[in-house]
Amino acid sequence: MPYLRRYGRALTGCQTTGDTLAAKARRSARTMPLPLSARAVRILMFTELHNAWSELRAHSLSQREARRRMGRLTRNSRETLLLRAIEEFSFAEIAKILNLDEAQAEQLFEVALAEAPYKSGTRVLIVEDDPMVAMDMSACLSDMGCQVVGVARTAAEAVELAGNSPPELIIASLLLADKSSGLEAARRITAQNPRTDAVFVTPYPERLLTGTTQEPVFIITTPYLQDQVRSAVTQSFLLSGL
C-alpha cells in the first residue's frame, strides 16, 4: 500500500486523490485469483491503480495549466517514467501494468525523458546534512538546468535561506543534522511561499506513506538515481505549475 500511495500521489499531484486511487486498487485486488507470488500481486495492484487512474484522469487535475501540460505529453509516457524511475519496475512488468508490449514500454520511457517538462532556471533549495549527498544532488539539479539557491543542513538554516532567496522547489531529507525535520522545514517555508513545492528524499519512504496524516506528494528513496530525481522534479513542475 505505501508504494501504491506514492504512485497515486505522483500521478495526480494530490495526496487525497492518490490515496483514494490506491485504496480503490486494493479493493479491486481482493478478487485476484490465488495463489500468486508477491511480485505478481504487486503488478496486478498497480495495474488496478492504473485502470482507476485512466477513468479518473480527465477529472482529477484541478489546475487548468496542469491539464494543458498533460495534454502535450505522449499517452502513458509519464506513467512509464514513474513506474520505471520511482517504483523500479522492469519494462516487462510495466508492459503488463499498462497493457503494452515490452518494446513500447522501453520506447515510452525514452519519450518521457525527452518530453520531461521542467523550466530551465527553476530555483531549488536543497535541505540535506550529508555534504556528499548535497554535492551530488546539486550537480544533478544543475545538469537539469535548475538553479540551486542554497544548501541547508538544518530546518532553521533552510527557513533562513528561503527567507533570503525564496525557492520554487525544495528537495529535502527527512532527518537533518541537529535532528530537526526536513518535512517541518518545508512546511514552514511553504506556509510563507504557497507556490513553493517540495520533493522528499528518504531511505524509509513508507514512513511518509501511511495515509493517516497530511503527508508529501513527491517522495524518492535513497540511494537515488539521477532519473529518479529528474522524474520527481518534472512531475512536480507538471502538476503544481512551477
Revision key, fill the gap. CD proxy, 222 nm, the chain: helix-only mean residue ellipticity via -39,500 (n - 2.57) per DSSP H run with n ≥ 4, per residue, nearest 500, stands at -17000 deg cm²/dmol
Point to revise | 19 Å cut-off, amide nitrogen to a point 7 angstrom out along Gln192 Cα→Cβ, residues in segment 138-158 | key: 148-158
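Starting from 0.36 nm per residue, how many nanometres of slack lie between Asp136 and Ser54 once their C-alpha separation is accounted for?
Working: separation 82, 0.36 × 82 = 29.52 nm, distance 3.60 nm.
Full extension from Asp136 to Ser54 adds 25.9 nm.
Report the calculated FRET efficiency for Glu88 and Asp178 (r = Cβ-Cβ distance, R0 = 35 Å), to the nearest 0.05. Walk me through the numbers before you get to the answer.
On the way: r = 32 Å, r/R0 = 0.91.
So, using R0 = 35 Å, E works out to roughly 0.65.
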**Study point:** Residue exposure sequence - Asp19, Asp197, Asp143, Asp227 - by fewest surrounding Cβ within 10 Å
**Key:** Asp143, Asp227, Asp19, Asp197
Check your understanding: Taking square-rooted eigenvalues a ≥ b ≥ c of the alpha carbon gyration tensor, is segment 123-240 rounded, prolate or oblate, where a/c under 1.5 means rounded and, failing that, a/b exceeding b/c means prolate?
Key -> rounded
Review point. What is the chain by shape, rounded, prolate or oblate, if you read a ≥ b ≥ c off the alpha carbon gyration tensor as root eigenvalues and call it rounded for a/c under 1.5, prolate for a/b larger than b/c, and oblate otherwise?
Key: prolate
**Study point:** Computed lengthening from Arg72 to Thr16, 0.36 nm per intervening residue step minus Cα-Cα distance
**Key:** 17.7 nm
Exercise for review: Only residues of segment 161-184 count here: report those whose backbone N is under 13 Å from the spot 7 Å along Cα→Cβ of Thr222, or say none.
Suggested key: 171-183
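Pop the C-beta distance of Asn99 and Tyr204 into the FRET formula with R0 = 45 Å and round what comes out to the nearest 0.05.
Details: r = 32 Å, r/R0 = 0.72.
Between Asn99 and Tyr204 the formula returns 0.90.
Every number in this text was worked out from the coordinates using simple rules, so none of it is lab data. Computed from a predicted structure; not experimentally measured. Methodologically, a virtual Cβ is constructed for each residue, glycine included, from the backbone with ideal geometry; neighbour enumeration extends over all protein chains shown.
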